[in-house]
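Written out below as structure tokens is the structure these notes cover.
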Amino acid sequence: EAAALHIGYQTGWFGLHRRAALQSGETLLVHAAAGGVGSAAVQLGKAAGARVIGVVGGADKAAVAREQGCDVVIDRRTEDVVAAVKEATGGRGADVIYDPVGGEAYTQSAKVVAFEGRIVVVGFASGIIPSPALNHALVKNYSIQGLHWGLYATKNPKLILDCHRQLTELAAKGAIKPLVSERVPLSEAAAAVQRVGDGVTTGRVTVVPKGAAA
């Protein structure tokens, strides 16, 4: 859990708090909500007092997203994501959208972002880098924000220390708890990375060195 607390949760913290300024009572939409990056964002959103909508791919991942605290879970394989988000928000949309997927997920995000909403671009797990229509952002009055965690290490490393201090405090009181779905020996690390790449895992997969406590 300590190993899983670092980059994923720090990325979530910077994205939701430093970039998007998520407020208690706002609606947060998280794509890939059952994954390592997504589940961290879900937990951080709940800890901040947001209402969280999670988008996942498959019934098994939907169950995981609910366990992580999502108030609403949408299975993109069986549901119309745009229609489901609009129904869940009374047509208003989501205030903050956390997108580590790109591709179709970003297209959906632009359709359901609320007035003065913020879309946080975290990555492109789909393999497709979208080309946002800036006229659309102007007409709907929303922001598109990039989040590159690594830049903080060179531009303002003190913020990383401040961030992690807050994360450890949240973890200590049980407000966040890294989801570790698998613990594998080093000999199985390559296969584990492939499963992550294939999108079949949930939460984090950790590599446990020989002789370490599992």
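The values are calculated or read from the model by the stated rules, or taken from the named source; none is laboratory data. Everything quoted here is computed from the prediction, not taken from an experiment. Don't worry about glycine lacking a Cβ; one is built from the backbone with ideal geometry, like all the others, and counts go over all protein chains shown. Remember, those area values only see protein heavy atoms, side chains included, never the ligands or the DNA or RNA. Shrake-Rupley method; radii C 1.70, N 1.55, O 1.52, S 1.80 Å.
Some values worked out for this structure:
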| read-out | value |
| --- | --- |
| Prolate/oblate/rounded call for segment 59-175, Cα gyration tensor, a/c under 1.5 rounded | oblate |
| Those lysines that a straight Cα-Cα span of less than 25 Å connects to residue 140, excepting residues fewer than 8 apart in one chain | 86, 111 |
| Stretchable slack from residue 87 to residue 71, in nm (0.36 nm times residue separation minus alpha-carbon distance) | 4.4 nm |
| Highest-fluctuation residue, 37, 81, 180 considered, GNM on the chain with Cα pairs under 10 Å | 180 |
| Percentage, to the nearest whole number, of Cα pairs in segment 107-199 over 23 Å apart | 56 |
| Order by protection proxy (mean Cβ within 10 Å, highest first), peptides 151-157, 173-179, 26-32, 184-190 | 26-32, 173-179, 184-190, 151-157 |
| Three principal axis lengths of segment 1-90 [C-alpha, angstrom, descending] | 34, 26, 17 |
| Segment 104-197 - accessible surface per residue (Å², probe 1.4 Å) | 61 |
| Relative pair counts by distance (%), Cα atoms of segment 53-101, 5 Å bins | 5, 22, 29, 29, 14, 2 |
| Spatially proximal aspartates and glutamates relative to residue 61 (Cα-Cα < 13 Å; intrachain offsets below 8 disregarded) | 75 |
| Computed FRET value (nearest 0.05) for residue 154 with residue 6, which takes r as the C-beta separation and R₀ as 22 Å | 0.85 |
| Rel. contact order, % - alpha carbon contacts under 8 angstrom, at least six apart, segment 110-214 | 20 |
| Percent accessible area from carbon and sulfur atoms, segment 48-121, protein chains only, probe 1.4 Å | 46 |
| From the coordinates shown, P(r) over Cα pairs in 5 Å bins from 0, in percent corresponds to which of (1) 1, 7, 12, 13, 13, 12, 11, 10, 8, 6, 4, 1, 0; (2) 1, 7, 13, 15, 16, 15, 13, 10, 6, 3, 1, 0; (3) 1, 7, 16, 19, 21, 16, 11, 5, 2, 1, 0, 0 | (3) |
| Solvent-accessible area per residue for segment 1-102 (1.4 angstrom probe, square angstrom) | 37 |
| For the chain, with +1 on Lys and Arg beta carbons and -1 on Asp and Glu, the positive-most of 65, 45, 203 along the dipole | 45 |
